[in-house]
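Note sheet for the following structure.
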Amino acid sequence: MARLAFLGPSGTFTEQALRSLPESDGAELVPCGGSLAVLAAVRDGSAGAGCVPIENSVEGAVPAVLDGLVADPPLVIVREALVSVSFDLMVRPGTRREDVRTVASHTHGIAQTRGWIAQHLPDAEVLLSTSTSEAAAQVARGEFDAAVASPLAAELNGLEVLAGDVADNAGAVTRFALVARPGPPPAPTGNDRTSIAATTENRPGTLLGLLTELAVRGIDLTRIESRPIKDRHAEYWFHLDCLGHVAEPAMGEALAALHRRCDRVRFLGSYPRAGNGAAPRPTGPAGPLGGTDGFAAAERWLAALRSGTSW
């Protein structure tokens, strides 16, 4: 039986995301106390893969996960999942709103409900927990008065929902990544995402040069984010998400070009994009090389030149 780690305890949005993936069928799901603990379990082999939150549509990327992905030994993303996030305010049975002096949740849970808490619980102290579900468990144990968590967390911990749907932004979505030790990436589907991290020299034009390698090959960059390199002052990892797969000619050559141009490049995986509503990739020419089709044609032409069958 496969062992899959997730940000626990039971009842988190991360568990919900993991259960939506086919890899969870028949697997043993193992809760861990924090995203870095999930990554550590995958690295040391105690879990075959692990699920962590990587990006939220309201608050952006999860910094600890980005930093953890570029640590050693390497890990890669093999699949992603999208989960619509809904938060309730939950308390021990019998607690009234005026009794609430402390409210706890995960960093992103607080970020997505900060306005509601300020308006409805202006005197409450806001505290952080390792996950939304752990915050609910801490309320059940009497450590906090209230938690912002999923409706399932209230049910699992015997709590009473004091207010439902307390998020400041309706329709928030969190993207989760299933990570594993390096191996052959999933086969291309035609609707894939490739994630990388790269570092460059700190001189004028280096970041532009990095991005140009993607642009001239018609590769759609969907996210870029910088994170400081912990042991180097004023140097950064640039985390990039692109549409495409490492097996495709344009993406493969772009990664090779980045390897030549950058100080370091960490391949973080090529994997299917999540969600039925994922927009299809552009099919027309993009950039000077005409996109993926144009790049493949250019490769065939170059091979013919080298073999003497064309000129």
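Structure values in brief
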quantity: Residue within region 156-167 that is in a helix (DSSP H, G or I), open to solvent by 20 Å² or more (accessible area, probe 1.4 Å), touching a residue at least 12 places away in the same chain (Cβ under 8 Å) and farther than 20 Å from residue 81 by Cα present; calculated: yes
quantity: Only one of 52, 38, 83, 91 that is modelled with pLDDT under 95 and either closer than 24 Å to residue 156 by Cβ or touching a helix residue (DSSP H, G or I) at 6+ places or on another chain (Cβ under 8 Å) (or both); calculated: 83
quantity: All helices (runs of 4 or more DSSP H) inside region 46-147 with 3 or more residues being free of Cβ contacts under 8 Å to residues at least 60 places away in the same chain and of a type in the set (A, V, I, L, M, F, W, C); calculated: 107-120, 132-140
quantity: Single unsatisfied condition, residue 172 versus (1) on the phi < 0 side of the Ramachandran plot; (2) out of contact with any Ser or Thr (no Cβ under 9 Å at 6 or more places or on another chain); (3) in contact (Cβ under 8 Å) with a residue 24 or more places away in the chain; calculated: (2)
quantity: From 11, 34, residue being buried (at least 20 other Cβ atoms within 10 Å of the Cβ), in contact with a strand residue (DSSP E or B) (Cβ under 9 Å, 6 or more places away or on another chain) and at positive phi; calculated: 11
quantity: Selected residue (criterion: most open to solvent (accessible area, probe 1.4 Å)) from residues of region 174-188 that are assigned to a loop (DSSP other than H, G, I, E, B) and within 30 Å of residue 150 (Cβ to Cβ); calculated: 181
quantity: Subset of region 1-22 [part of a loop (DSSP other than H, G, I, E, B) and not aliphatic (A, V, I, L, M)]; calculated: 8, 9, 10, 11, 12, 20
quantity: Complete set of residues in region 250-266 that are touching a residue at least 60 places away in the same chain (Cβ under 8 Å), touching a strand residue (DSSP E or B) at 6+ places or on another chain (Cβ under 8 Å) and not hydrophobic (A, V, I, L, M, F, W, C); calculated: 263, 264, 266
quantity: Qualifying residues in region 76-108 (those that are among the charged types (D, E, K, R) and open to solvent by less than 40 Å² (accessible area, probe 1.4 Å)) - the one farthest from the chain's Cα centre (by Cα); calculated: 88
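For (1) open to solvent by 40 Å² or more (accessible area, probe 1.4 Å); (2) touching a Ser or Thr at 6+ places or on another chain (Cβ under 6 Å); (3) at pLDDT 85 or above; (4) part of a strand (DSSP E or B), each residue gets a yes or a no:
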{"site": "219", "(1), (2), (3), (4)": "no, no, yes, no"}
{"site": "225", "(1), (2), (3), (4)": "yes, no, yes, yes"}
{"site": "245", "(1), (2), (3), (4)": "no, yes, yes, no"}
{"site": "253", "(1), (2), (3), (4)": "yes, no, yes, no"}
{"site": "259", "(1), (2), (3), (4)": "yes, no, yes, no"}
{"site": "267", "(1), (2), (3), (4)": "yes, no, yes, yes"}
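The values are calculated or read from the model by the stated rules, or taken from the named source; none is laboratory data. From a predicted model like this one, the values you see are computed outputs, not experimental measurements. Neighbour counts are summed over all protein chains in view; Cβ atoms, including those assigned to glycine, are modelled from backbone coordinates with ideal geometry. Protein only, heavy atoms only, side chains kept; ligands, DNA and RNA dropped before computing areas. Shrake-Rupley method; radii C 1.70, N 1.55, O 1.52, S 1.80 Å.
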